Amino acid sequence: MVMTATSYGGWVIAIARALESYNIDANEILPKADIDIDKAYDPNARFEVIKSTKLFDYALKESNDPCFGLRVGKMMRPTSWHSLGFALWSSNNLHEALDRITKYIKIFTTAARANIDEKDDRIRLSGSAYPAYKPVLSNAQYEAFLATIALLCRNLYPGTFRPLKVGLPRAIPLEDMTPFNDIFQCHIEFNQSSVWIEIDKKTAQQRLPTANPELAQINDQLCAKYIARFDKSDLASRVYYLLLETLSDGEPSMDEVSTALNVSSRSLQRKLKESGTNFKSLLDGVRKELSLQYIQQSHMPLGEISYRLGFSHVSNFSRAFKRWTQVSPAEWRASKT
């Protein structure tokens with residue numbers, strides 16, 4: 001049993017809208033990423049992150065716009081985030097809204113996490129991919145997320161909203177940074193390990209005109225129920241996310257995983273069996289899932305893939321890959337060129 005990381009269908013709709021704004025027929029682009037636009041309009045639809053990334057890549061090429069991610073951010077609507085959008089619009093202040101984003105980030109995607117850091121006069125919301133998904137997510141995806149957050153804050157805030165500064169994983173600025181400056185209206189730092197936005201506390205604590213605690217509470221409950229439907233917090237799920245965190249540090253033993261999860265090895269073994277799986281199968285399944293995503297990143301050497309999957313040697317990875325796909329990694333790549 002492997003729980004492939006997914007993203008909310010609202011991103012697909014926003015990408016389709018962005019493509020149409022360039023007079024590009026989204027119905028011709030989405031099938032290339034094996035995505036059905038009709039399915040995206042299902043309010044419970046989710047798509048594998050690797051498909052979402054492919055769609056971003058195709059859209060970026062078709063639009064010929066390195067700022068395409070920002071355009072996607074502009075196309076996001078409160079309904080693009082399931083019940084989270086309404087919970088955010090009902091928040092008492094921006095701090096509370098950003099707290100909700102960290103709490104319900106899995107609605108956006110299960111390939112990343114978010115957190116808030118507080119200093120004396122400012123707060124910082126940051127988002128980062130789980131280590132296993134860092135090679136998969138693109139600059140466009142990070143920038144779409146941050147643009148969405150900045151524009152949300154600007155729409156909610158009763159006065160003129162400007163962040164103190166923002167951070168992007170993009171290595172260097174573009175020649176023309178006008179679209180970035182138009183959206184963020186603040187200092188931008190590049191080559192960051194995560195995507196982040198900083199807001200001064202006075203702004204973050206200003207009461208919002210759309211605040212409605214009762215509506216916020218109702219939608220919080222809907223958020224929790226929605227996440228529970230696709231991401232059950234059972235022990236197998238916890239093992240899965242822990243493997244995403246730790247695989248690049250080497251193959252973890254069941255004892256190490258059980259210690260990290262604060263359960264005994266015997267209890268872990270028993271509960272996984274009750275879930276219809278076992279530790280070895282989970283580890284093998286996660287490695288297979290990630291290998292099929294990494295192998296599509298043509299710039300990633302096989303040695304790096306092996307390292308990220310926790311194999312001690314490339315030959316061990318090659319044997320495992322051939323067991324999963326009946327061909328070697330090199331043969332798989334050659335067949336796709």
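When restricted to residues that are part of a loop (DSSP other than H, G, I, E, B) and not β-branched (Val, Ile, Thr), the range 269-285 contains 3. The set of residues from the range 74-103 being farther than 30 Å from residue 178 by Cβ, at pLDDT below 90 and either buried (at least 19 other Cβ atoms within 10 Å of the Cβ) or touching a Ser or Thr at 6+ places or on another chain (Cβ under 6 Å) (or both) comprises just one member, 82. Only one of the numbered conditions (1) in contact with a Leu (Cβ under 9 Å, 6 or more places away or on another chain); (2) crowded, with 18+ Cβ neighbours inside 10 Å; (3) part of a strand (DSSP E or B) is not met by residue 146, and that is (3). Tallying residues that are of a type in the set (Gly, Ala, Ser) and closer than 16 Å to residue 226 by Cα within the range 2-24 yields 4.
Please go through the range 286-322 and pick out each residue that is in contact (Cβ under 8 Å) with a residue 40 or more places away in the chain and in a loop (DSSP other than H, G, I, E, B). Passing the criteria: 296, 297, 300, 309, 310, 311, 312. Considering the range 182-213 alone, what residues qualify as being without any contact (Cβ under 8 Å) to a residue 24 or more places away in the chain and more than 17 Å from residue 163 (Cα to Cα)? Matches in the range 182-213: 191 only. Of all the numbered requirements in (1) in a helix (DSSP H, G or I); (2) under 26 Å from residue 205 (Cβ atoms); (3) of a type in the set (A, V, I, L, M, F, W, C), residue 140 misses one, and that requirement is (2). Checked against the criterion of being more than 25 Å from residue 155 (Cα to Cα) and not aromatic (Phe, Trp, Tyr), the candidates 87, 59 yield just one match: 59. Restricting attention to the range 289-307, the residues being touching a helix residue (DSSP H, G or I) at 6+ places or on another chain (Cβ under 7 Å) and at pLDDT 90 or above number 5.
For the range 26-76, a residue qualifies if it is in a helix (DSSP H, G or I), touching a residue at least 12 places away in the same chain (Cβ under 8 Å) and among the small types (Gly, Ala, Ser), and the qualifying residues are 33, 40, 52, 59, 63, 69, 73.
Exactly one residue out of 17, 122, 46, 71 is of a type in the set (D, E, K, R), at pLDDT 95 or above and surrounded by 19 or more Cβ atoms within 10 Å (Cβ to Cβ), and it is 71. Considering 169, 158, the condition of being at pLDDT below 95, more than 18 Å from residue 15 (Cβ to Cβ) and not polar (S, T, N, Q) is satisfied by 158 alone. Tell me whether the range 10-21 contains one or more residues that are more than 13 Å from residue 109 (Cβ to Cβ) and out of contact with any helix residue (DSSP H, G or I) (no Cβ under 8 Å at 6 or more places or on another chain). Scanning the range 10-21, I find no residue that is more than 13 Å from residue 109 (Cβ to Cβ) and out of contact with any helix residue (DSSP H, G or I) (no Cβ under 8 Å at 6 or more places or on another chain), so the answer is no. The single condition among (1) hydrophobic (A, V, I, L, M, F, W, C); (2) assigned by TED's automatic domain parsing to the domain that holds residue 112; (3) outside any helix (DSSP H, G or I) that residue 327 does not meet is (2). With respect to residue 107, is the statement that it is within 30 Å of residue 213 (Cβ to Cβ), surrounded by 22 or more Cβ atoms within 10 Å (Cβ to Cβ), in contact with a Phe, Trp or Tyr (Cβ under 7 Å, 6 or more places away or on another chain) and not acidic (Asp, Glu) true? So residue 107 passes the test.
The values are calculated or read from the model by the stated rules, or taken from the named source; none is laboratory data. Fair warning: this is a prediction, and the values are worked out from it, not measured in the lab. Positions of Cβ are backbone-derived with ideal geometry, glycine not excepted, and every protein chain shown enters the neighbour counts.
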